[in-house]
1. Pairs, please: C-beta under 7 Å, at least 6 apart or cross-chain, first residue of a type in the set (D, E, K, R) and in region 113-142, second buried (at least 22 other Cβ atoms within 10 Å of the Cβ)?
2. So which residues in region 91-123 are touching a His at 6+ places or on another chain (Cβ under 8 Å), among the polar types (S, T, N, Q) and at pLDDT 85 or above, if there are any at all?
3. Which one of ILE49, ILE15, ILE55 is within 16 Å of ligand 1 (Cβ to nearest atom), touching a Lys or Arg at 6+ places or on another chain (Cβ under 7 Å) and among the aliphatic types (A, V, I, L, M)?
4. Could you list all residues from region 51-73 that are touching an Asp or Glu at 6+ places or on another chain (Cβ under 8 Å) and under 14 Å from GLY118 (Cβ atoms)?
5. Provide a single number: the residues in region 57-89 that are surrounded by fewer than 20 Cβ atoms within 10 Å (Cβ to Cβ) and hydroxyl-bearing (Ser, Thr, Tyr).
6. Inspect all residues belonging to region 229-245 and state whether any of them is part of a helix (DSSP H, G or I) and among the β-branched types (Val, Ile, Thr).
7. Kindly indicate the residue of region 92-149 that is charged (D, E, K, R) and within 19 Å of the chain's Cα centre (by Cα) and also farthest from ligand 2 (Cβ to nearest atom) among those meeting that condition.
Amino acid sequence: MKAIRYNGVRNMELIEMEKPVPGPGQVLVKVLLCGICGTDIHAYGNEGILHPGTIPGHESVGIVEETGEGVTCVAVGDLVAVGPPGDCGQCYSCNTGHPNTCVHAFPNTLGIGPGTQGAYAEYVLSHFPQNELFRIPEGMPLEQAVLFDLVGVGFHAVRRSELRLGDTAVVFGCGSVGLSVVESAKLAGARIVIAFDKKPSCRERALEAGADYAFDPTEENLNRAKELLAHQNGAHVCFEAAGNIHALYGCIDLCMPNGQIMSIGSDANPAQIRTAQMGPMEYDLKFSFTYTKEEIHQLFEMIRAGKFRTEVFTTYKAPLEQAEQMIIDQIQGKLDVARVLLEP
Ligand SMILES: [Zn+2]
Ligand SMILES: [Zn+2]
């Protein structure tokens, strides 16, 4: 079968490899669509994210081709989403309702864990099908189902926050995750959502996703946001979805006393925060990571019922062979879509 291998920074290659055979408890999925995640794009240009030799691709949809001995959770012919949480189902996190923080998940996550084979390929082998495969509800277009990863991250962050009906929220970064935060926050009952992004196209999409205001994060606009939030001296919850420290500083700046700062994007660079600025405000600083299988179930039902709209998450389809070019085009800003979908 054909696959795209990550060989190191700015180096990907189309290879021919053997089609995997499912062992006991494993499931082979024929990949129909695979999204190019921001993580993949980031890994392409930066050291230390993907291990050389890894086949990327952790957000795909496909059809069950073959099941190994003892598999009962899916059957041949089922349409499934193949998700990142390669959680073990046995550790403390898994047993206490937090499979997304399973300590074994990251190295086992297909397309992310060192040397794993993700879905930039014609077939993908699921090792933990009960945790990794989400059955796609009948009638749901694959183009919508394949968005589960990017939409799930924002959905989880809002559910993890203490945002309540009538509250105010600020969202820094209106890439696909930020858009999902905006839409989820509005669905959760936020009275005002103020979104920030440097890119005009992202701001436009934020408004489409339901943001009440979308600003360029300039000093002047941060002050404008403060005026809009003056009644309670800032926003109840500030979401950082840009993956850079300036966005976190913006969150701290716009958070109301006793409000919540939710960090979603990750930045490998060390950052400085002044506890003397944060402590007297009793800010609640929280982190949010991926999502749970149950949340994908909830999301799929909401998408299918038209309650969670996906129109704002624009997609562009390309053949698997063009994976590297698609990544380069996105880095260079030539392709401005929420997701490029590879079609093996
Ligand atoms: Zn992803
Ligand atoms: Zn676990």
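The values are calculated or read from the model by the stated rules, or taken from the named source; none is laboratory data. None of these values were measured; they are calculated from a predicted model. Note that we place each Cβ from the backbone using ideal geometry, even for glycine, and neighbour counts take in every protein chain shown. In case anyone asks, the SASA skips ligands and DNA or RNA and just uses the protein heavy atoms, side chains included. Shrake-Rupley method; radii C 1.70, N 1.55, O 1.52, S 1.80 Å.
1. GLU122/VAL31; GLU122/PRO344; GLU132/VAL82; GLU132/GLY83; GLU132/PRO85; GLU132/GLY86; GLU132/SER126; ARG135/VAL80
2. ASN100, THR109, listed by residue number.
3. Residue meeting the stated conditions: ILE55.
4. If the condition is that a residue be touching an Asp or Glu at 6+ places or on another chain (Cβ under 8 Å) and under 14 Å from GLY118 (Cβ atoms), then PRO56, GLY57, HIS58, GLU59 are the ones that fit.
5. 1
6. Yes, the conditions are met somewhere in region 229-245.
7. Checked region 92-149; the qualifying residue farthest from ligand 2 (Cβ to nearest atom) is GLU143.
Conditions (1) in contact with a Cys (Cβ under 6 Å, 6 or more places away or on another chain); (2) modelled with pLDDT of 95 or more; (3) outside the structural domain of GLU143 (by TED's automatic domain parsing); (4) among the acidic types (Asp, Glu), marked per residue:
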site	(1), (2), (3), (4)
PRO22	no, yes, no, no
LEU28	no, yes, no, no
LEU32	no, yes, no, no
ILE36	no, yes, no, no
GLU47	no, no, no, yes
THR54	no, yes, no, no
GLU66	no, yes, no, yes
